[in-house]
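Novice: Structure below; questions to follow.
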Amino acid sequence: MSAHNAWIARGFADGVFLCVGSLQSAAGGAIIAHGEGRAAHDACVAADPFVVQGVVTAETYEIDPKRTVSALDFVKAA
């Protein structure tokens, strides 16, 4: 768990992770990330110790935000 938490801390330190949390009903976890290309994102996810050890299988969903609150305007495509 400490290696996974260190991986999460790096995601925040790199400015890529915006939010990390648990899915309800103990259904796993979720990360909202922004600011890197798909290849870099996939490499980051593949480096998660939970993924490396086969503890989890990661799924990535890309979104194209159309409307946000003003605090999240930066996530909309330029």
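The values are calculated or read from the model by the stated rules, or taken from the named source; none is laboratory data. Remember, predicted model here, so these are calculated numbers, not experimental data. Using ideal geometry, Cβ is built from the backbone for each residue, glycine included, and neighbour counts are taken over all protein chains shown. Ligands, DNA and RNA are stripped out before the accessible areas are found, and what is left, the full protein with its side chains, is counted by its heavy atoms. Shrake-Rupley method; radii C 1.70, N 1.55, O 1.52, S 1.80 Å.
Novice: Is the range 25-47 home to any residue that is touching a residue at least 40 places away in the same chain (Cβ under 8 Å) and farther than 22 Å from Lys76 by Cα?
Specialist: Checked the range 25-47: at least one residue is touching a residue at least 40 places away in the same chain (Cβ under 8 Å) and farther than 22 Å from Lys76 by Cα.
Novice: Another question about this same structure. In the range 33-48, what residues are over 12 Å from Trp7 (Cα atoms) and either over 11 Å from the mean Cα position of the chain (by Cα) or assigned to a helix (DSSP H, G or I) (or both)?
Specialist: Residues satisfying the conditions are Gly37, Arg38, Ala39, Ala40, His41, Asp42, Ala43.
Novice: May I ask you to list pairs of residues, at least six apart or on different chains, whose Cβ atoms are under 8 Å apart, with the first in the range 51-71 being of a type in the set (D, E, K, R) and the second being open to solvent by less than 90 Å² (accessible area, probe 1.4 Å) and outside any helix (DSSP H, G or I)?
Specialist: Asp64/Ala77; Lys66/Lys76
Novice: Looking only at the range 7-14, decide whether some residue is assigned to a helix (DSSP H, G or I), surrounded by 13 or more Cβ atoms within 10 Å (Cβ to Cβ), in contact with a His (Cβ under 8 Å, 6 or more places away or on another chain) and touching a residue at least 40 places away in the same chain (Cβ under 8 Å).
Specialist: no
Novice: Looking at Val20, Val51, can you tell me which residue is of a type in the set (A, V, I, L, M, F, W, C), open to solvent by less than 80 Å² (accessible area, probe 1.4 Å) and either at positive phi or not in a strand (DSSP E or B) (or both)?
Specialist: That would be Val51, the only listed residue that is of a type in the set (A, V, I, L, M, F, W, C), open to solvent by less than 80 Å² (accessible area, probe 1.4 Å) and either at positive phi or not in a strand (DSSP E or B) (or both).
Novice: Among (1) outside any loop (DSSP other than H, G, I, E, B); (2) out of contact with any strand residue (DSSP E or B) (no Cβ under 7 Å at 6 or more places or on another chain); (3) open to solvent by 40 Å² or more (accessible area, probe 1.4 Å), where does Ala30 come up short?
Specialist: Going through the list (1) outside any loop (DSSP other than H, G, I, E, B); (2) out of contact with any strand residue (DSSP E or B) (no Cβ under 7 Å at 6 or more places or on another chain); (3) open to solvent by 40 Å² or more (accessible area, probe 1.4 Å), Ala30 breaks only (2).
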